[in-house]
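All of the numbers you see were taken from the coordinates with simple rules; none came from a lab. Only a predicted model underlies this, so the values are computations on that prediction, with no experimental measurement involved. Neighbour counts are summed over all protein chains in view; Cβ atoms, including those assigned to glycine, are modelled from backbone coordinates with ideal geometry.
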Amino acid sequence: MAQGWQTPGWQTGAQTIDQASYDAGLRTFMQRVFGYMGAALVITGLVAFFVGTNEQLLQTLFATPLKWVVMLAPLGVVFLFSAGINRMSFGTAQAVFWAFAGLMGLSISFIFAVYTGASIARVFFITAGMFLSASLYGYTTKRNLATMGGFLMMGVFGLVIASVVNIFLGSSQLQWIVSVLSVVVFTGLTAWDTQNLKETYNDGLGQENLGKMALLGALSLYLNFINIFMSLLRLMGNKE
């Protein structure tokens, strides 16, 4: 009888240890994701500030046809990274990720010539607050956000189409609408991406694959942050 009572207790203890190990691994993984994202934002900010406060560099990059390379290069790297990461080593994937962060800094460096430094800083901190709130919600909520995520991805495609159309229309009203909707869509995607990372974490993938997964997660969250920031800057930024 005593032995029969020991078995359930031993199983419960083993399950508790397994769960504790899983939770610790998940926390480490999420910290890694946000660490990569934060480092990428630092690289982007430093490159953007260095180029954006150098008038000669700005002229070279944005007053010549080179501006199309600067503006489109990050998009090309995103597609390359997302499609080819499984064939890359983890070291190569990291290098591409950091290169992307630098290229993004080049592409948004013009903001330092258009907006005041104070408004850029203010919008950055507002963005950080919104981002962290949405991410915390996605991590802690018991609600399944999968349906919302699919809807928001459709919204992203709609925003891309509207933005391309507005290149030819030059409508300030349409740009305002796109900016407002972008804040809503990418804030929602932040919550969804965070929950998706939490739900798809698997401690049996191995360090190499977990590292790549962390980089992809960091890329998704980074892009959400940048899109929220740029949209808020268009809405709230004070121009020089």
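Please identify the DSSP H helices in the chain that span no less than 20 Å along the helix axis (Cα) and have a mean Kyte-Doolittle hydropathy of -0.5 or more.
Within the chain the helices that satisfy the rule are 2-52, 66-84, 90-107, 117-140, 146-169, 172-200, 207-236.
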- Query: Where the centroid of each part is defined by its Cα atoms, how far is the range 167-240 from the range 46-108 in Å?
  - Reply: 17
- Item | Debye log10 I(q)/I(0) for the range 16-88, one point scatterer per Cα, at q = 0.24, 0.25 Å⁻¹ | -1.10, -1.12
- Along the charge dipole of the chain, Cβ charges K/R +1 and D/E -1, which of Leu26, Leu169, Gly217 sits furthest on the positive end? Leu169
- Given the options Asp18, Asp193, Asp203, which has the most mean-square fluctuation in a GNM of the chain, springs set between C-alpha atoms less than 10 angstrom apart? Asp18
- Item | Span per principal axis, largest first, for the Cα atoms of the range 60-109 (Å) | 37, 15, 12
- Mean separation of Cα contacts under 8 Å (6+ apart) over length of the range 6-236, as relative contact order %: 30
- Task: Report, ordered by chain and residue number, the lysines lying within cross-link reach of Lys239, taken as a straight Cα distance under 22 Å and ignoring same-chain residues fewer than 8 apart.
- Result: Lys67
- Message: Running a GNM on the chain with Cα contacts under 10 Å, which residue among Phe29, Phe168, Phe49 ends up with the highest mean-square fluctuation?
- Response: Phe168
- Of Lys142, Lys212, Lys239, Lys198, how do they rank once you tally other Cβ atoms within 10 Å and put the fewest first? Lys142, Lys239, Lys198, Lys212
- Task: Once you've got the GNM for the chain with C-alpha springs shorter than 10 Å, pick whichever of Gly91, Gly170, Gly52 has the biggest mean-square fluctuation.
- Result: Gly170
- How large is Rg over Rh for the chain, taking Rg from the Cα atoms and Rh as the Kirkwood inverse mean of 1/r across Cα pairs? 1.07
